[in-house]
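The structure appears right after this line, and notes come after that.
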Amino acid sequence: MIITRKYLSRRTFLQGVGASIALPLLDSMVPALAATRDTAAAPVKRLGVVYVPHGAIMEHWTPTTNGTDFEMTRILQALTPCRDRLTVVSGLDNAPAKIREGEPIGGHGNISGAFLTGVHAKPTEGANVETGISMDQIAAKHFAKHTQIASLELGLENTSLSGAGDSGFSCSYVNTLSWRTPNTPVPVVNNPRAVFERLFGDNDSTDPEARRARMRKQGSILDAVGEKVTRLEGKLGSNDRSKLTEYLESVRDIERRVQKAEEQGGRELPLLERPSGAIPATFEEHCKLMMDLQVLAYQTDMTRVITFMISKELSPRTYPEVDVPDPHHGLSHHQNRPESMEKLVRVSKFHMDMFAYYLDRLKSTPDGDGSLLDHVAIMYGSGMSNSNLHDPTNLPMLVLGGGSGEIRGGQHVRCPEGTPLTNLFLTLLHRVGVPVESIGDSNGNMAELSEV
């Protein structure tokens, strides 16, 4: 059999002046022989982590029924459309996050420092920080040979502060979840422009004036590759042209929103309080923009590993959107006051609404023989349960996504008492194809999650 039709490489980029546009998975990227058999392109496996601080009011989080007939609780209600891809995991403990005798009282640095590592964070307010290698960075090292960006570490809050972030614990522990080595925290990016240009722009210069000059000269990044897009479209079938058009419209929409945020950010503000770059005016705008950027990063296979801190430990953020004017951290010390606990439930529901938006975007984005949601494994959760006690046991944890057929959903799994959180890490890493024998204090896989 002689096959003369030409096919695109999965790593095709459209290069322009100051721009490099990766393409989504197209039918034309399917190997020629597979295409003649109507076989869809093999999807890649991806890993995501979404973090929320200060625990949850567990009676409004945890289903009372185990197995597949569990109820969608008040906090989880927004995830109903993705119920078949949802696993609620109860009973997991992060013992390494507990304060040891003689250590500073802490309460937050120890929690987030151990969250993705399963290793006790060294109490220090200096530069000699130490914990373990985080599970996302283990995955990033494995996938790095396949992608342009090994991993993305994103968040919504400013993490540029230095000094002691918690009693006896460095800010490094609360400002990131990701640790490349036990002594090397990976910084979190909260600026959508920085993320956009890392995915699509010219990374040769980080000078703000150089960036502004480039923007004045070329306008949209898509304008820089316009001729190449036109030539490429002439070589594609109708289905691929439709996919490409939808993808480029998504890129342009995100670029427009970034530019709008920058215009709003140009208003008169005290110099020291002005955020660095394009930070949208509202929490919801900022959150959705960062989530849309993550969808594009997965869709173009620029990276296969993303961590996203919706908020961080010790966060002072308020949530007027849901009638919560109290700073989140202060509110988390609720002392069992019903009015404070009710406000915390509203905050958790608001965070879950944002997460549901992200899942819907993944679910509606085609990828191979399914959607991005079918081919990703996302862990959502917090490093404590009862925030009033800073309790790192019985953590509120979820798993979303199909993991390319490797993960079983639509269930509530209640783990045996004392099960390490790191068992979930180990299971997810194995399901996305990362060979690892152990992580932190792990002692086994979770068969309930992996038996599909």
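The values are calculated or read from the model by the stated rules, or taken from the named source; none is laboratory data. Computed from a predicted structure; not experimentally measured. A quick note on method: Cβ atoms are made from the backbone with ideal geometry, for glycine too, and the neighbour counts reach across all protein chains shown.
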Worksheet item: Can you name the number of the only condition in (1) over 18 Å from VAL399 (Cβ atoms); (2) surrounded by 14 or more Cβ atoms within 10 Å (Cβ to Cβ); (3) of a type in the set (D, E, K, R) that ARG85 fails?
Response: (1)
Worksheet item: Cβ-Cβ below 6 Å, separation at least six or inter-chain, first residue in the stretch 394-407 and surrounded by fewer than 23 Cβ atoms within 10 Å (Cβ to Cβ), second among the basic types (Lys, Arg) and in a loop (DSSP other than H, G, I, E, B): which pairs?
Response: SER404/LYS45
Discussion item. Within the stretch 58-69, does at least one residue satisfy the condition of being at pLDDT below 75 and in contact with a helix residue (DSSP H, G or I) (Cβ under 7 Å, 6 or more places away or on another chain)?
Written reply: no
Worksheet entry | Filter pass, LEU116 being crowded, with 16+ Cβ neighbours inside 10 Å and either acidic (Asp, Glu) or more than 24 Å from LEU421 (Cα to Cα) (or both) | no
Worksheet entry | Contacts under 9 angstrom Cβ, first residue in the stretch 102-117 being closer than 19 Å to ASN394 by Cα and assigned by TED's automatic domain parsing to the domain that holds SER332, partner among the acidic types (Asp, Glu) and in a helix (DSSP H, G or I), 6 or more apart | LEU116/ASP136
Fill in: Count of residues meeting criterion [of a type in the set (D, E, K, R) and modelled with pLDDT under 50] in the stretch 251-293
4
Discussion item. Just the residues that are within 18 Å of the chain's Cα centre (by Cα) and among the aliphatic types (A, V, I, L, M), please, taken from the stretch 390-406.
Written reply: MET397, LEU398, VAL399, LEU400
Worksheet, complete the sentence: In the stretch 405-427, residues that are of a type in the set (A, V, I, L, M, F, W, C) and in a strand (DSSP E or B) total 2
Worksheet item: Taking interchain pairs and intrachain pairs at least six residues apart, which have beta carbon atoms under 6 angstrom, with the first residue in the stretch 224-237 and in the same structural domain as LEU26 (by TED's automatic domain parsing) and farther than 14 Å from LEU23 by Cα and the second modelled with pLDDT under 75 and aliphatic (A, V, I, L, M)?
Response: ALA224/VAL17; ALA224/ALA19
Worksheet item: If you go through the stretch 427-452, how many residues are under 19 Å from ILE306 (Cα atoms), surrounded by 19 or more Cβ atoms within 10 Å (Cβ to Cβ) and touching a residue at least 24 places away in the same chain (Cβ under 8 Å)?
Response: 6
Discussion item. Please count how many residues of the stretch 377-414 are under 26 Å from VAL174 (Cα atoms) and touching a strand residue (DSSP E or B) at 6+ places or on another chain (Cβ under 8 Å).
Written reply: 16
Discussion item. Quick check on LEU14: is it outside the structural domain of LEU116 (by TED's automatic domain parsing), farther than 30 Å from SER385 by Cα, assigned to a loop (DSSP other than H, G, I, E, B) and at pLDDT below 95?
Written reply: no
Item to complete: Sort through GLY91, GLY67 and tell me the only one that's in contact with a Cys (Cβ under 7 Å, 6 or more places away or on another chain) and surrounded by fewer than 21 Cβ atoms within 10 Å (Cβ to Cβ).
Response: GLY91
Worksheet item: Can THR159 be described as closer than 20 Å to MET379 by Cβ, under 23 Å from the mean Cα position of the chain (by Cα) and either outside any loop (DSSP other than H, G, I, E, B) or not small (Gly, Ala, Ser) (or both)?
Response: no
Response to the item:
When every residue in the stretch 124-153 that is hydrophobic (A, V, I, L, M, F, W, C) and more than 19 Å from the chain's Cα centre (by Cα) is compared, the one surrounded by the fewest Cβ atoms within 10 Å (Cβ to Cβ) is ALA127
Worksheet item: Looking at (1) assigned to a helix (DSSP H, G or I); (2) buried (at least 24 other Cβ atoms within 10 Å of the Cβ), which is the one condition that is false for ASP360?
Response: (2)
Worksheet item: Name the pairs whose Cβ atoms lie under 7 Å apart, with the first residue in the stretch 329-340 and among the polar types (S, T, N, Q), the second part of a helix (DSSP H, G or I) and crowded, with 18+ Cβ neighbours inside 10 Å, and 6 or more positions between them or separate chains?
Response: SER332/LEU344; SER340/LEU331
Item to complete: Evaluate the following for ALA34: is it touching a Leu at 6+ places or on another chain (Cβ under 9 Å), modelled with pLDDT under 75 and surrounded by fewer than 21 Cβ atoms within 10 Å (Cβ to Cβ)?
Response: no
Worksheet item: So which of MET379, MET352 ends up being assigned by TED's automatic domain parsing to the domain that holds ALA139 and farther than 18 Å from ARG408 by Cα?
Response: MET352
Item to complete: Scan the stretch 213-244 for residues that are among the polar types (S, T, N, Q) and at pLDDT below 75 and jot them down.
Response: GLN218, SER220
Worksheet item: Name the pairs: first residue in the stretch 349-371 and free of Cβ contacts under 8 Å to residues at least 12 places away in the same chain, second residue of a type outside the set (S, T, N, Q) and part of a helix (DSSP H, G or I), Cβ to Cβ under 7 Å, at least 6 apart or on different chains?
Response: SER371/LEU362; SER371/LYS363
Item to complete: Could you list, in sequence order, all residues of the stretch 304-344 that are closer than 14 Å to TYR51 by Cβ and of a type in the set (Ser, Thr, Tyr)?
Response: THR307, SER311, SER315
